[in-house]
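Worksheet for the structure shown next.
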Amino acid sequence: MSAKDLFKEFDENPIAAASLAQVHRAVTKEGETVAVKVQYIDLRDRFDGDMFTLGLLLRCVPLLHPKFKFGWILPELRTTLSHELDFEREGKNSEKCKTDLEHLGYVHVPKVHWDMTRKRVLTAEYIEDGVKITDVETMKERGFSLKTVGRMLVESMAEQIFVTGFVHADPHPGNLMVRRGPSGSLQLVILDHGLYEKLPDEDRLALCRLWKSAILSDIPLLKRSAEQLGVKDYNVLASMVLQRPLYR
């Protein structure tokens, strides 16, 4: 079955392309504009070959550099990439993200069209009027409050890290857009839900305590929280979190 059989219109020229897939604009039989994310046809074959090559290299490098201790990367990478290659999993991630953040009132996650979604094809609502979150000039031209945009971004990411523990692991500017919703208020649109990290409760709570102790300069609690996260140098960790020296 071809794209022309499934859609009323299908633009074969991609509107976006990345390492795993490309995105096409299409119109359903019912007249709704959608974004169709299509995985590259040979990607799974290349994935298996690349994993084998990386495994071979990781076994060879320690022969030349005995202190090389990064063999753990490959299983982590294999799991991460296999998740990203499963577009049905991505669709389920997007729906969980929507459920988790819905109460904030300003987060919008594009609707998935499950009848036109498979392991290698994801069809979702097309976002026409979104502005990339780093496009400050366009946001100013449209009268968007940068303070409000910043607050929405920080609150939504904090909700995932500190409350739900279900964290979008690829929140780069291409996956975050801002627009006006139907009521005229600002919306934060979150795209590309292929990669998520589920924080164990003990790590999530340790991160909560770490932030609280860093802000309040509670050094004993800061030390304990860092240790719970497996970090010995609490000073460096706190400085990274705060984006400034802990002691100043």
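The values are calculated or read from the model by the stated rules, or taken from the named source; none is laboratory data. This one's a predicted model, so the numbers in the text were calculated from it and none came from an experiment. Note that we place each Cβ from the backbone using ideal geometry, even for glycine, and neighbour counts take in every protein chain shown. Note: accessible area is taken over every heavy atom of the protein model, side chains too, but ligands, DNA and RNA are not part of it. Shrake-Rupley method; radii C 1.70, N 1.55, O 1.52, S 1.80 Å.
Is at least one residue of the stretch 163-173 modelled with pLDDT of 95 or more, open to solvent by 60 Å² or more (accessible area, probe 1.4 Å), within 17 Å of the chain's Cα centre (by Cα) and farther than 27 Å from Val136 by Cβ? Yes, the stretch 163-173 contains a residue that is modelled with pLDDT of 95 or more, open to solvent by 60 Å² or more (accessible area, probe 1.4 Å), within 17 Å of the chain's Cα centre (by Cα) and farther than 27 Å from Val136 by Cβ.
Scanning the stretch 193-210 for residues that are in contact with a Leu (Cβ under 9 Å, 6 or more places away or on another chain) and not hydrophobic (A, V, I, L, M, F, W, C) returns Gly194, Asp203, Arg209.
Evaluating Glu128 against the criteria (1) open to solvent by 40 Å² or more (accessible area, probe 1.4 Å); (2) in contact with a Gly (Cβ under 6 Å, 6 or more places away or on another chain) leaves one unmet condition, (2). Apart from one condition, Arg151 fits all of (1) part of a helix (DSSP H, G or I); (2) touching a residue at least 24 places away in the same chain (Cβ under 8 Å); (3) not polar (S, T, N, Q); the exception is (2). May I ask you to list the residues in the stretch 175-212 that are touching a residue at least 24 places away in the same chain (Cβ under 8 Å) and hydroxyl-bearing (Ser, Thr, Tyr)? Scanning the stretch 175-212 gives Ser185, Tyr196. Selection of the stretch 103-123 for residues being assigned to a helix (DSSP H, G or I) and farther than 16 Å from Val178 by Cα yields His103, Trp114, Asp115, Met116. Residues of the stretch 201-235 that are in a loop (DSSP other than H, G, I, E, B), under 30 Å from Lys96 (Cα atoms) and open to solvent by less than 60 Å² (accessible area, probe 1.4 Å): Leu229 alone.
For the criterion of being more than 21 Å from Leu186 (Cα to Cα) and open to solvent by 50 Å² or more (accessible area, probe 1.4 Å), Arg142 fails. Filtered by the rule that a residue be among the basic types (Lys, Arg), over 21 Å from the mean Cα position of the chain (by Cα) and farther than 25 Å from Val241 by Cβ, the stretch 109-158 gives Lys140, Arg142. For the stretch 125-148, how many residues meet the condition of being in a helix (DSSP H, G or I) and touching an Asp or Glu at 6+ places or on another chain (Cβ under 9 Å)? Residues flagged as in a helix (DSSP H, G or I) and touching an Asp or Glu at 6+ places or on another chain (Cβ under 9 Å) within the stretch 125-148 amount to 0.
Within the stretch 174-189, take every residue that is at pLDDT below 95 and open to solvent by 50 Å² or more (accessible area, probe 1.4 Å) and give me the one that is farthest from His83 (Cα to Cα). This residue is Ser183. Among the residues making up the stretch 54-98, a single one is among the aromatic types (Phe, Trp, Tyr), free of Cβ contacts under 8 Å to residues at least 12 places away in the same chain and surrounded by 11 or more Cβ atoms within 10 Å (Cβ to Cβ): Phe68.
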